[in-house]
Amino acid sequence: MARFFVANDHAGLGLKAPVVQHLLANQHEVIDLGTNTTASCDYPEFARQVAAKVSAGEGLGILICGTGQGMAMAANRVPGVRAAVCADTFSAAATRLHNDANVLCLGERVVGVGLALAIVDAFVNARFEGGRHARRIALFDPPREQH
Ligand code: RB5
């Protein structure tokens with residue numbers, strides 16, 4: 001069981017309900033950070049809210065927009081966040097196993113509900129393998145030179 005912070009923009013609203021229901025049905029905790037209307041909104045604001053929670057170590061994140069792409073770009077600007085756009089189950093598992101991804105980004109205009117739920121399952125059920133992969137993700141943010 002894990003805690004998920006979930007958010008979306010207007011283009012991702014339709015996919016959120018089945019994703020949230022699926023997580024709850026599998027005994028996960030879900031915190032919905034919006035948006036919950038179809039009014040046009042700016043996805044970086046929602047990405048930042050989820051990213052802040054994930055960066056603070058409070059749980060994993062799921063971000064949904066039209067493509068997943070903008071959400072991932074915005075979320076990845078927050079230190080400690082490793083957000084991955086996934087449109088297939090292999091990538092969803094692999095990005096947990098090798099990249100220790102902590103935010104899954106989905107595109108409602110890209111994947112149907114059935115595939116999205118399978119992607120969520122693949123992401124949730126895979127565990128980071130550590131070892132050489134830990135060394136590599138540590139290189140995402142190399143220490144700054146001291147002067
Ligand atoms: C909104 O039209 C769309 O640009 C947004 O949902 C997302 O796909 C951006 O990456």
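Of all residues in the stretch 89-111, which are of a type outside the set (D, E, K, R), within 16 Å of the ligand (Cβ to nearest atom) and either more than 11 Å from residue 19 (Cβ to Cβ) or surrounded by fewer than 23 Cβ atoms within 10 Å (Cβ to Cβ) (or both)?
Selection gives 103, 105, 107, 110, 111.
Scan the stretch 1-27 for residues that are under 14 Å from the mean Cα position of the chain (by Cα) and buried (at least 16 other Cβ atoms within 10 Å of the Cβ) and jot them down.
Our first condition is that a residue be under 14 Å from the mean Cα position of the chain (by Cα); within the stretch 1-27, this holds for 2-9, 12, 15-16, 19-20, 23.
4, 5, 6, 7, 8, 9, 12, 15, 16, 19, 20, 23, listed by residue number.
Restricting attention to the stretch 64-88, which residues are away from the ligand (no atom under 13 Å from the Cβ), part of a loop (DSSP other than H, G, I, E, B) and among the hydrophobic types (A, V, I, L, M, F, W, C)?
Scanning the stretch 64-88 gives 78, 81, 86.
Sort through 61, 57 and tell me the only one that's away from the ligand (no atom under 16 Å from the Cβ) and among the small types (Gly, Ala, Ser).
Being away from the ligand (no atom under 16 Å from the Cβ) and among the small types (Gly, Ala, Ser) holds for just one of 61, 57, which is 57.
Could you tell me whether residue 105 is in contact with a Leu (Cβ under 7 Å, 6 or more places away or on another chain), farther than 14 Å from residue 5 by Cα and not aromatic (Phe, Trp, Tyr)? It would help to see each step written out before you state the result.
Working: in contact with a Leu (Cβ under 7 Å, 6 or more places away or on another chain): yes; farther than 14 Å from residue 5 by Cα: no; not aromatic (Phe, Trp, Tyr): yes.
Spelling it out, it is not the case that residue 105 is in contact with a Leu (Cβ under 7 Å, 6 or more places away or on another chain), farther than 14 Å from residue 5 by Cα and not aromatic (Phe, Trp, Tyr).
Looking at residue 16 and the list (1) under 23 Å from residue 128 (Cα atoms); (2) in a helix (DSSP H, G or I); (3) charged (D, E, K, R), which single condition is not satisfied?
Among (1) under 23 Å from residue 128 (Cα atoms); (2) in a helix (DSSP H, G or I); (3) charged (D, E, K, R), the lone unmet condition for residue 16 is (1).
Answer with yes or no whether residue 30 is over 25 Å from residue 130 (Cβ atoms) and crowded, with 18+ Cβ neighbours inside 10 Å.
yes
Yes/no matrix, rows are residues, columns are (1) out of contact with any Cys (no Cβ under 7 Å at 6 or more places or on another chain); (2) closer than 23 Å to residue 95 by Cα:
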{"position": "8", "(1), (2)": "no, yes"}
{"position": "34", "(1), (2)": "yes, no"}
{"position": "41", "(1), (2)": "yes, no"}
{"position": "45", "(1), (2)": "yes, no"}
{"position": "51", "(1), (2)": "yes, yes"}
{"position": "67", "(1), (2)": "yes, yes"}
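Condition test on residue 141, is it of a type outside the set (Gly, Ala, Ser), more than 14 Å from the ligand (Cβ to nearest atom) and assigned to a loop (DSSP other than H, G, I, E, B)? If you could, list the steps in order and put the result at the bottom.
Numbers: of a type outside the set (Gly, Ala, Ser): yes; more than 14 Å from the ligand (Cβ to nearest atom): yes; assigned to a loop (DSSP other than H, G, I, E, B): yes.
In short, yes.
Here, each number is a calculation from the coordinates, and none is a lab measurement. Quick caveat: nothing in here was measured; it's all calculated off a predicted structure. Note that each Cβ is placed from the backbone with ideal geometry, even for glycine, and that neighbours are counted across all protein chains shown.
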